Amino acid sequence: MRREWHVTVVAVAALAIGVVAAEPYARLAAPYYAFVARLFAHGHPWEVLDVIVGKDETGQVTVLRLDAIVRRMRDDPAPAAIVNSGLHLGAVAQNPVIFWSVLLLWPVRLIGPRWRVLLVGAPLFLGLEAVTTVCQLLNPLADASAVLAGDAVPFTAWEGWSRFLESGGRFALALGAGLLTLAAAAALQWRHQRMLSAASTKL
């Protein structure tokens with residue numbers, strides 16, 4: 001199959017998988033999102049109750065939903081607000097579609113065995129999900145804390161980051177993480193070839 005047809009087929013397949021598998025993927029990844037959200041919430045007056053795939057506040061749209069309570073102070077016994085944060089499943093599916101498509105489309109001869117590329121990419125992908133999807137889910141909690149502190153029109157760092165992600169930053173980060181993975185895999189491949197070359201020279 002010619003290279004351009006290979007790229008087209010993989011791109012179309014990735015898009016189709018992203019549309020069809022967005023909800024199953026979100027359900028599968030929800031425990032990881034909950035775990036990271038609780039880590040990020042540590043030190044804040046927030047308590048993450050759960051991250052699930054469910055309906056938004058209107059009851060009509062299926063979203064990735066974070067349920068949490070916000071206290072005025074960390075040691076307050078009673079919560080001051082209950083927050084339900086939702087993220088559209090299309091946004092949730094964007095990272096895996098872009099990231100893994102980049103890794104699967106790149107020529108093997110430049111980066112070494114595909115399994116090595118995927119292995120290098122796994123931790124980077126988990127980090128990507130943490131700074132994008134999880135941070136967006138936590139943004140309303142930061143807003144609630146700001147309102148409880150007396151800020152009628154809050155604009156937190158979480159809000160600024162969320163707006164950046166929504167205005168193309170999520171795509172840029174997913175693409176950048178994919179390219180960074182490829183660069184790391186290429187460096188490992190170059191090192192491996194150097195070691196083989198040195199060994200054959202000694203022989």
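The values are calculated or read from the model by the stated rules, or taken from the named source; none is laboratory data. Computed from a predicted model, the values in this text were never measured in an experiment. Here the Cβ positions follow ideal geometry from the backbone for every residue, glycine too, while neighbour counts run over all protein chains shown.
Of note:
- Some residue of region 85-94 being under 21 Å from the mean Cα position of the chain (by Cα), of a type outside the set (Ser, Thr, Tyr), surrounded by 15 or more Cβ atoms within 10 Å (Cβ to Cβ) and more than 22 Å from residue 57 (Cβ to Cβ): yes
- Residues satisfying the stated conditions in region 126-153, i.e. on the phi < 0 side of the Ramachandran plot and assigned to a loop (DSSP other than H, G, I, E, B): 149, 151, 152, 153
- Put simply, of 83, 70, 53 the only residue that is at pLDDT 85 or above and more than 19 Å from residue 158 (Cβ to Cβ) is 53.
- Sole residue being touching a helix residue (DSSP H, G or I) at 6+ places or on another chain (Cβ under 6 Å), of a type outside the set (Gly, Ala, Ser), surrounded by 15 or more Cβ atoms within 10 Å (Cβ to Cβ) and under 26 Å from residue 171 (Cα atoms), chosen from 118, 103: 103
- Output for region 41-65, where each listed residue is in contact (Cβ under 8 Å) with a residue 12 or more places away in the chain, out of contact with any Pro (no Cβ under 8 Å at 6 or more places or on another chain) and assigned to a strand (DSSP E or B): 46, 48, 49, 50, 52, 53, 62, 63, 64, 65
Here is a yes/no grid of residues against (1) among the hydrophobic types (A, V, I, L, M, F, W, C); (2) over 24 Å from residue 187 (Cβ atoms):
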{"position": "77", "(1), (2)": "no, yes"}
{"position": "83", "(1), (2)": "yes, yes"}
{"position": "103", "(1), (2)": "yes, no"}
{"position": "150", "(1), (2)": "no, yes"}
{"position": "153", "(1), (2)": "yes, yes"}
{"position": "163", "(1), (2)": "no, yes"}
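- Taking the listed residues 197, 167, 145, the one that is hydroxyl-bearing (Ser, Thr, Tyr), surrounded by 11 or more Cβ atoms within 10 Å (Cβ to Cβ) and either over 23 Å from residue 30 (Cβ atoms) or at pLDDT below 95 (or both) is 145, with no other qualifying.
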